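Pasting in a structure now, in structure tokens, and then I'll have a few things to ask.
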Amino acid sequence: MLFFRKKLTCVASWIFESVSVDSKMNKKAHSLLWNIRQFSTLLPRSSALRIYPLRFCRPEVIHSKWNPRNHLLNVFDEGLQPPVRYLFQDIFISKSVDGCTQTKGISHAAVFKLDRILCPRRLSFDAKHSFVSDGTSDHDLMKINLHHTSSEDVITKKMRPTPVNCKKLAQECNSLSDVLDTFSKAPTFPGSNYFLAMWIIAKRISEDKRHFERKLMFTHPAFNQLCEQVLREAKILHYDHLLLSLNAIVKLGIPQSTLMVQTLLRTIQERINECDERCLSILSTALVTMEPCMNVNALRAGLRILVDQQVWNIKHIFTLQTVMKCIGKDAPLALKKKLEMKALKELGKFSVLNSQHMFEILAAMDHRSVVLLNECSTVVIDNIHGCPFKVLISILLSCRDLRYQNEDLFKSIADYVATTFDIWKLKQVIFFLLVFETLGFRPPGLMDKLMEKVIQESASLNVKTIVSILYVYSSLNHVHKVQNRETDSASHTAMTAGFLEALGSALTGCLHHISSENLLSAVHSFCVMNYFPLAPINQLIKENIINELLTSGDIEKNIHKLHVLNACLKLDESTYKSIHIPLPQLPLSASHPNEKLAEVLRRLLEGEGCFSRNVQLPHNYHIDFEIRMDTNRTQVFSFSDVDASSATNMQRVAVLCVPKSVYCLNSSHLRGLMAMKIRHLNLMGFHVILIHNWELKRLKMEDAVEFVRKKIYSEEALPTTDANV
């Protein structure tokens, strides 16, 4: 820079000394000298030009507040820029073409731009690179400058094609091959725009066509050439363009193990400090879909550090949620808490869509924020109408993964589906019920609607639909629920019988092509609901079918279902009592009766002689405690009292300590397997008493004794008391 200023001074002095004494020439020289001094004061002291590879370069401003984001790569999409004037061309040539400044002769040169003209007269140059000062007016001089074009500029504009615009290219092309054809005719910078255009096209076509187009893309002659160009450009692309390229390349299905993808990942790692909020969003979107590898793991670790530093500066909710979804389940708990606090802080800015997506995002983080989920649930409930199927299913699946139970939310979704039942496909309704079953939630209104539809359209049901419906209704034990209502028990019993007969008839029609495992699952569900269709059972108990189930598939699960079938045939159904199914014995499950309940019984019955622990029963049943009482349940017999145990008026009492999982969510309605077990224990002569372990746990010992006393003894045997435990 000092050298350049000295040159300006020397040239000015030489011109001043060699001018004529003519007054007119003196005036011109004075004007020229004044212009040179003005230009010398305008020269920036801290600007330099960095030469980049591949003949591309861009200005680099060297001062404390320099930010590479101030010079976006988007200038390549804006067409040709006006060239900078040729100053002192004997020293260097500096011009701007396609938004890039190129130099010849030296590696660093001063570059400047004038946004407005500060001097009354302008400088122009002749063809011999020398200064001239015409005597024309400012208007004439401006016309000369505007219309002056050197032969080199004309040739350059003809040889350099206009940079490609990805959106415009995507509109002009109909397939991925069309984009590659355009590239092969006239490759332009940046090559990544062609990948962006191909991804835009791929998003708007069907999945089958996208798969076919991808095959053509890999075999296209220009594909390798485009990949090589993107590899060469990786170092000079702006960071946001680099990230968009990676995202498009991965979404197009290019293997992650290729050199191009790994090079982009490594380049992004090296320049990760250039990330701003927009780049964080793009990078997070790309990483979510990528498989773990060394470069991806390193980049994700760097992203976590960057997010930890910039989380409070994130302004857009979309960026925040994208970053939360990307950081992964194994992110530090402190970072998850910080993102949760940021989300709670921005809760007032959440749209309905943001609230709906927050469930999936928290599930991707594996972070159960009850406060955030409750707030988002309220928004979802208030805006449930019009919510699409995928969003509702995503919310329910996320609640399952997060172990988040919100009965109001589940009931709102179930009621909405039941109210708009006719607009949903049958498989969509079944999918809702399958997800509700995993949550332990039983929606009676929706299940009654489906029962009516099954009775009407049983002939159109396929095997998969039949098996799914039977599984949900047997697991949630819906068939027996409404029978407790005296007002409509008869009508509901008739509907239940019609429902089971319709499913049994539909299953019978599919026996010629049903698999052994599907047949076992369907019959197992029928048996849990205490219904025994003859044709499916006769098909299942054939020797070849049993052998196939015991030697293939999920053998352990098949054996357990066959034991349930055998118990139901022996205890419930008299027609098949003589049928013997040879099955391997199941290993005895380790049972650990509740110690607090054991102590309560010890105090209540004054010793352990009046009850027995962990009693094993036929058909692989066991009970936690057994008590022997008289039929009126007013007196307890000791196990050592032979006469009392052989008395005809003895009643065997089974005491089961059960968790909440045996009930449907927040209700006293038993689920299918527990209801079946109680039914079978009753058939074996037991009176069953259920003790809720969560209630027993929170009671003091004295209160727990009184609580169990009321459960075991009948009301006639209990003394009248005002105590309400």
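Just so you know, all these numbers are worked out from the coordinates, no wet-lab data involved. Computed from a predicted structure; not experimentally measured. Glycine gets a Cβ as well: all are built from the backbone with ideal geometry, and neighbour counts include every protein chain shown.
³J(HN,Hα) across the range 510-519 via Karplus (A = 6.51, B = -1.76, C = 1.60, θ = phi - 60°), whole Hz, x for Gly/Pro?
Going residue by residue, I get 9, 5, 6, 9, 7, 6, 5, 5, 5, 5 Hz, with x marking Gly and Pro.
Sticking with this one: Based on the mean of other beta carbon atoms within 10 Å per residue, what is the order of 692-705, 268-281, most packed first? If you can, show how the numbers build up before the last one.
Working: 692-705: 13.2, 268-281: 17.2.
Per-residue Cβ counts within 10 Å, averaged per peptide and sorted highest first, yield 268-281, 692-705.
Mind checking the dipole of the range 264-409: about its Cα centre, +1 per Lys or Arg Cβ, -1 per Asp or Glu Cβ, Debye to the nearest 20? Walk me through the intermediate numbers first.
Working: 18 positive and 16 negative charges, 54 e Å.
So the dipole magnitude of the range 264-409 works out to roughly 260 debye.
Given a Förster radius of 60 Å and the C-beta distance between ILE305 and PHE707 as r, what FRET efficiency does 1/(1 + (r/R0)^6) yield to the nearest 0.05? All intermediate terms of the calculation are to be shown ahead of the outcome.
Details: r = 54 Å, r/R0 = 0.90.
Calculated value: 0.65.
Given H placed on each backbone N at 1.01 Å, which residues far from GLN651 in sequence or on other chains put an amide H within less than 5 Å of it?
Here the answer is MET629, ASP630, THR631, since their amide H atoms fall under 5 Å of that of GLN651.
Given Cβ point charges of +1 (Lys, Arg) and -1 (Asp, Glu) and nothing else, what value in debye, to the nearest 20, does the dipole of the range 618-704 about its Cα centre take?
Numbers: 10 positive and 8 negative charges, 98 e Å.
In debye, rounded to 20, the range 618-704 gives about 460.
Hey, another quick one. Can you classify the range 595-717 as rounded, prolate or oblate using the Cα gyration tensor, where a ≥ b ≥ c are the square roots of its eigenvalues, rounded means a/c under 1.5, and otherwise it's prolate if a/b beats b/c and oblate if not?
On the way: a/c = 1.77, a/b = 1.19, b/c = 1.49.
Oblate is the answer for the range 595-717, as a/c is 1.5 or above yet b/c matches or exceeds a/b.
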